[in-house]
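The values are calculated or read from the model by the stated rules, or taken from the named source; none is laboratory data. Computed from a prediction, not measured in an experiment: that's the story for all the values here. Positions of Cβ are generated from backbone atoms using ideal geometry, with glycine treated the same way; all protein chains shown enter the neighbour counts. For accessibility, only protein heavy atoms count, side chains too; no ligands or nucleic acids. Shrake-Rupley method; radii C 1.70, N 1.55, O 1.52, S 1.80 Å.
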Amino acid sequence: MNKIDEITAGKAKSLFTTDNSDQLIMHFRDDTSAFDGKKKEALLGKGSVNNQFNAFIMDHLEAKGIATHHIEILNSTDSLVRKLEMFPIECVVRNRATGSICRRLGTEDGLILQAPLFEFFLKDDDLGDPLITEEHILSFGWAAAENIIEMKEITLKINEILSKLFLNSNLILVDFKVEFGLSDGKLFLADEFTPDGCRLWDTETLAKMDKDRFRQGLGDVVESYHQVADRLGMNIKLD
Ligand code: ADP
Ligand code: UDP
C-alpha cells in the first residue's frame, strides 16, 4: 500500500490517500505540540514509538470488541486505517482530576473521582477546545443523538478495558481523549491512543509517563513512552 496525496497535516500526524478510496495511511510524525499548538517541538523517535504503541492498543481494543479504524501497521511510523467522516468532537474520560478540570473547577490535583467522569470537548484549537454538552452537539448538529450515546458508552468501555491493562503494568490511567468517526453510518474509534493523548502515572511514585512530561518540561518524553511500552510487553522496534 503506497501513500498518494497528503490530505491532512495535523499537529502530530499526516493522513495520505491510498489506491483504496476507503483506506488512508496515517503517518505519525515526531512533531509534538501542547497548549493548542502554542508549544511545539520535534522529539526524535516519537512518531515511531507512538505508531507502534497505537497499533498495540487498537489491536487490544478490537480483541475486546471495540470497532476501530485500525486495519494494520505498515512500518515503524505508518498504519493503514479506515477512512472516516470525523466528528469535530473530543471524548474525554477522567478517573482522577488533573489538567484542565483543576483549572476549571479549582479541584485538588490528583483527586480520585467517585466515578469515571465523561466530558465532550469541541475540537477547535482557535477556541482552545471548549467543554461542550450533549445539548450543544445536538443544537449545532455536530453529531446525531444515537452517535452521542454510542460515543459515550464506547469511551467508558475503553476506560474499563485500558484501566485494567495499564494497572497490570503498575500504571494508573488518569485520563484520556479519543475521537470517533463514521463509515457507512457505523461508528468507529478513530485517531490514536498513545501517551500523547492520555495521562499515565506510576502506581507507586505517581511519576508522570505521558505528554505532561513535554507540557511541563520534565524531559525524557520519548524515553518514558518507551518505558510504558516495555512495561506492557510491546515489542517496539527502533529505527
Ligand atoms: P490535530 O488534528 O489535533 O492537529 P493530528 O496531528 O493527530 O491532530 O491529526 C490527525 C487528524 O486526522 C485529526 O484531525 C483527526 O481527527 C483525523 N483523523 C483521525 N483518524 C481519521 C480517520 N480514520 N479518517 C479521517 N480522519 C481521521
Ligand atoms: N487531550 C488531548 N488532546 C487535546 C486535549 C486533551 O489528547 O486537545 C488529552 C490530554 O492528554 C489528557 C486528557 O485529554 O489525557 C484531558 O485533558 P485536559 O482536558 O486535562 O486538558 P489539558 O490539561 O491537557 O489542556
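Observations on the structure shown:
- Scanning segment 189-208 for residues that are touching a strand residue (DSSP E or B) at 6+ places or on another chain (Cβ under 6 Å), within 14 Å of ligand 1 (Cβ to nearest atom) and either open to solvent by 10 Å² or more (accessible area, probe 1.4 Å) or in a loop (DSSP other than H, G, I, E, B) (or both) yields a total of 2.
- Scanning segment 184-212 for residues that are more than 15 Å from ligand 2 (Cβ to nearest atom) and under 15 Å from M151 (Cα atoms), we see that the one that is nearest to the chain's Cα centre (by Cα) is F188.
- From the list K237, K177, K211, K186, the one residue that fits, being in contact (Cβ under 8 Å) with a residue 12 or more places away in the chain, within 16 Å of ligand 1 (Cβ to nearest atom) and surrounded by fewer than 16 Cβ atoms within 10 Å (Cβ to Cβ), is K186.
- For D129, the conditions (1) within 16 Å of ligand 1 (Cβ to nearest atom); (2) in contact with a Pro (Cβ under 8 Å, 6 or more places away or on another chain) all hold with the exception of (2).
- Residue check for K38: of a type in the set (K, R) and surrounded by 15 or more Cβ atoms within 10 Å (Cβ to Cβ): no
- Filter pass, R94 being surrounded by 15 or more Cβ atoms within 10 Å (Cβ to Cβ), basic (K, R), touching a Leu at 6+ places or on another chain (Cβ under 6 Å) and touching a residue at least 24 places away in the same chain (Cβ under 8 Å): yes
- Residue match in segment 142-163 (condition: modelled with pLDDT under 95 and either closer than 21 Å to D210 by Cβ or surrounded by 14 or more Cβ atoms within 10 Å (Cβ to Cβ) (or both)): no
- Just one residue in the set D22, D30 is touching a helix residue (DSSP H, G or I) at 6+ places or on another chain (Cβ under 6 Å), within 15 Å of ligand 1 (Cβ to nearest atom) and open to solvent by 10 Å² or more (accessible area, probe 1.4 Å); that residue is D30.
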